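Below is one structure, written out as structure tokens; comments come after it.
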Ligand SMILES: Nc1ncnc2c1ncn2[C@@H]1O[C@H](COP(=O)(O)OP(=O)(O)O)[C@@H](O)[C@H]1O
Ligand SMILES: [Mg+2]
């Protein structure tokens, strides 16, 4: 057993696993960044009065929420080259995960925008704000508070979901752990190391989320959500995995 | 932003040459009609609001009072007629509606304070963000307004930490912060517990006494008696009575208004 522990300790500080963890982190952060950008743009489009664009967004949501994310990843990696677009596994992974995440973030941002009532917008207009100013000073600040908790959940979901890009040979945590284990059949050690890295990352995300929530509501002292609740949230299924 | 401020200022300058004339109508509703889904909600409504006067609008629920107020500051488009303010036909320049609304502030039945800002920030938001006033100046003015509505000690509290009456007084201060020429009140005390009605009406009464031009939709007869100069009675989208306060309360009105009054008491 002490044998296993020392091997795990060795893996934990090894460059191979550290690099793999960085890869997982990079996939997560990039996919979430682009996913959130897509989400906010598409949510604003859905709130707008431009019918054709709304239709396009609807089709996008339908496609990316209605098919497995694994299919989307393999599709981007294997089908785009047929049209002459050859992308690395990493880029393909980021694109597929971002597009998938964008669909979920659109829903999250849209419910945030809709949670700010019509009367609040009218109150902003009545003060002499233009539509864009009502959006900026009245709606978005309120919507932001509403979307932080579900967005935090998506971050943690994405961290775990990023393991799926192992199927297109991106050297992230799960694939590296698997490769390491299949070389010496020490599955316990390799997979435990990956698990520890995942747990460390999700815990960091959870703490950051807590601070953002507190920062957005400075007057409310003490966390409204207990650490137990946060842990449960972390272990919940991400909304986008099938 | 710069252009916007300039045009807002020039709007005020153009306006100021006209609105100083006493007894002159500052805000006029001329033969306005408005329909929602094929239903006429305002039917050929005409109304003049004079400088420095307080005009109370009475009428049963659903008679179109809120719609009339929202048409006045161009929050609702009208289907026929015109709205004139400070000698300009504002209903014909909808691209400038946001500038007009800086001159016609509104107070709502449900306060509509911004929940993410405290009382002081609620008041400072529009002056700093859309008028370009410095934060220091805006804060000073906001504090003066909070004194005026007698709630300065609550400046740093958030809306959900204030009672309904306190929220409504902050909302009045927020509306005043834009230094409007007209205040529009839409049933400002209807959502309040009875014991809070007076503190809000007192603020409104002192505003009226100070000469703020006001249009007040209310069911508070005592306020109408005390603060109004003119009283309008609406029913089914029409103005049925538009008379001096004294005439109204001496019973010098038609049968519909009398019936309404007797139901109110
Ligand atoms: N946005 C709207 N859409 C459709 N009908 C409306 C709308 N606003 C008001 N109405 C209708 O217009 C009529 C007048 O409403 P309102 O102006 O709110 O009356 P009041 O303020 O006198 O109670 C009512 O019949 C109401 O149902
Ligand atoms: Mg009403």
Averaging 1/r across every pair of distinct alpha carbons in chain B and inverting yields a Kirkwood hydrodynamic radius, in angstrom, of 19.0 Å
For the stretch B:84-241: span of alpha carbons on each principal axis (Å, largest first): 46, 42, 26
Per residue of B:106-116, what is the mean number of Cβ atoms on other protein chains within 10 angstrom of that residue's Cβ? 5
Rounded to the nearest 0.05, what FRET efficiency do residue B:261 and residue A:136 give with R0 = 45 Å and r taken as the Cβ-Cβ distance? Could you check? 0.45
Row for the stretch A:1-76, column shape: gyration tensor on C-alpha, a ≥ b ≥ c, rounded if a/c < 1.5 i.e. under 1.5, prolate if a/b over b/c, else oblate; value prolate
At 0.36 nm per residue, minus the direct Cα-Cα distance, what do residue A:114 and residue A:41 gain on full extension? Give it in nm, one decimal, please. 24.8 nm
What's the extension gain from residue A:50 to residue A:86 if we count 0.36 nm per residue and subtract their Cα-Cα distance? 9.6 nm
Other chains' Cβ within 10 Å of A:129-141 residues: what's the mean? 3
Percent breakdown of C-alpha pair distances by 5 Å bin, ordered from the shortest bin, for the stretch B:217-257: 6, 24, 35, 25, 10, 0
Relative packing of A:17-26, A:42-51, B:107-116, which averages over residues the other C-beta atoms within 10 Å, highest first: B:107-116, A:17-26, A:42-51
When Cβ neighbours within 10 Å are restricted to other protein chains, what is their mean count per residue of peptide B:70-80? 1
Using a/c under 1.5 as the rounded threshold, could you call chain A rounded, prolate or oblate? The axes a ≥ b ≥ c are square roots of the C-alpha gyration tensor eigenvalues, and prolate needs a/b larger than b/c, oblate otherwise. oblate
How fast does the protein assembly as shown diffuse by Stokes-Einstein, in µm²/s, taking the Kirkwood radius from C-alpha pairs at 4 °C and 1.567 mPa s? 48 µm²/s
Can you give the helix-only mean residue ellipticity at 222 nm for chain B, where every DSSP H stretch with n ≥ 4 adds -39500 (n - 2.57) and the sum goes over all residues, rounded to the nearest 500 deg cm²/dmol? -12500 deg cm²/dmol
Please list B:134-142, A:107-115, B:246-254 highest first by mean number of surrounding beta-carbon atoms within 10 Å per residue. A:107-115, B:134-142, B:246-254
Over the stretch A:2-235, relative contact order from alpha-carbon pairs under 8 Å, at least 6 apart, %: 27 percent
Taking 35 Å as R0, compute the FRET efficiency from the Cβ-Cβ separation of residue A:200 and residue B:161 and round it to 0.05. 0.35
Report for the protein assembly as shown the percent antiparallel among DSSP-assigned beta bridges with both residues inside it, nearest 5. 55 percent
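Values in this text are rule-based calculations from the coordinates and carry no lab data. Quantities reported herein were computed from a predicted structural model and do not represent experimental measurements. Methodologically, a virtual Cβ is constructed for each residue, glycine included, from the backbone with ideal geometry; neighbour enumeration extends over all protein chains shown.
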